[in-house]
1. Positive end of the dipole of the chain, charges at C-beta (+1 Lys, Arg; -1 Asp, Glu), about the Cα centre: which of 394, 40, 210 has its Cα farthest in that direction?
2. Given axes a ≥ b ≥ c from the Cα gyration tensor, I'd like to know whether the chain is rounded (a/c under 1.5), prolate (a/b larger than b/c) or oblate.
3. Taking the Cβ of residue 247 as the centre, find all other residues whose Cβ is under 13 Å away and add up their charges (Lys, Arg: +1; Asp, Glu: -1).
4. Decide, for region 25-106, between rounded, prolate and oblate: order the square roots of the alpha carbon gyration tensor eigenvalues as a ≥ b ≥ c, take rounded if a/c falls under 1.5, and otherwise choose prolate if a/b is larger than b/c, else oblate.
5. Take the Cα atoms of region 1-65, find their three principal axes, and give me the spread along each one in whole Å, biggest first.
6. Give me the angle, in degrees from 0 to 90, between the Cα long axis of helix 246-258 and the longest principal axis of the Cα atoms of the chain, rounded to the nearest 10.
7. Shape verdict for region 241-416, please, from the Cα gyration tensor: rounded (a/c under 1.5), prolate (a/b greater than b/c) or oblate.
8. Out of the GluC sites (Glu not before Pro) in region 182-260, which ones are loop residues according to DSSP with at most 13 other C-beta atoms within 10 Å?
Amino acid sequence: MSVSLTENRWNDDDAARWANDAGDDPADRDLALRIYTSRLIGGDPDLVLHGGGNTSVKTMRGSNGAVMHVKGSGWDLATIEAPGLPGLHLEATRTGGRAGALSDPQMVALLRANLLDPEAPNPSLETLLHGFLPAKYVDHSHATAVLVLANQPDADSICRAIYGKRLAVVPYVMPGYDLSIAAARIAEANPGCEGLWLVNHGLFTFGDTARDSYDRMIEFVNMAERHLASRGISILPTDERPREDPFLDLLKERLQAAGSVFTDGIVIDARSGPSIDAFLAHPSLADLATRGTVTPDHVIRVKPFPLLLEGMESADAIDSALKQFGRRYEAYFRAGAAEAKEAKVMLDCLPRVVQIRNIGMVGIGKTAGEAQIIADLTSQSMRVMLAAESYGRFTPLTPSQLFKMEYWSLEQAKLGK
Ligand SMILES: [Zn+2]
């Protein structure tokens, strides 16, 4: 069986050009190489998609002393530039982060207070995690092959079997302050580890140089890919094409008629292709497709589950399927809100993804960009779920964990921008 491996795209000439163009200041050169490998990671959809993942570098910046540059909220690794990696006073950020449990607003205030440039974008919600890790360069991805294995019931022992002590296992903790503290403790308890395996979430790697950290990211992803291949599991290629059909116009019309969230405009991104067909033909489709998202971030865009249709149904049948989806979403909301510490306001009850047997998959957004992002995330998710289910059992976050992420005020703030 031939193994398709994620490519290491480091190029010495390109790296030298980035460093030289940055000038003589060693901090600017460190940052330039950070931008270079961030773009290498962001440019591969099987590592991260649409704003997923984050990266950082720690350096010495003149009179500011130790500074950490970390991905800013709203930036995409594929196209990141220096302003997308705002600098923070490293020691003050660490001290503030360790002073005691922080609420979400307290964490955001701490990060903003330590920005070198007060006009800079909000640093990543994972900034404290990056800051607590001692390594100079830190990279974080949601690689497809890693998600296949990190969403298994025994994801921790799988990690140990493949990577030994090179990776330390972090059980699922919601991103933000709690994850930063938990991950820092685990990294400290595993001296010499080269990265962190985040169950149900993804992979962190670190190193003394931009290249070390990037090489490790690719090496560890390749090890996951080889492990899957050794079990006879292949991740299907991304091979979809746009799908057109009059039925999709009807679906769009019914979605628009169903609710206020789309009354100002609705764009659908409909696709079919061998990997989508294989997913929609899965014998346990109704269960597999609605079990949960492959990484926590996705839920804010795709909702916790899609709407499934059995085929080209009538307008009435679509309407009743939408109502049924709404009732299921409402039940999910009520269960989650009952556990929440503060009052939550329900978002709209309409799907962002529709999966139609024998037809294809549809991403739904208010704009073409949004619909495309949702369809891209769903396409990767289908490939992850199929491979995960043939490896063992796709075992993602629970509805309660998904709810906490979807209704996390800091994630909602990100979408609002
Ligand atoms: Zn992540």
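Rule-based calculations on the coordinates, nothing more; no lab input. All values derive from a computational prediction rather than experimental measurement. Note that we place each Cβ from the backbone using ideal geometry, even for glycine, and neighbour counts take in every protein chain shown.
1. The listed residue farthest towards the positive side: 394.
2. prolate
3. The answer is -2.
4. Here region 25-106 falls in the oblate category.
5. Result for region 1-65: principal-axis Cα extents of 55, 26, 17 Å.
6. For 246-258 against the chain, the angle is about 80 degrees.
7. Judged from the Cα gyration tensor, region 241-416 comes out oblate (a/c at least 1.5, b/c at or above a/b).
8. 244
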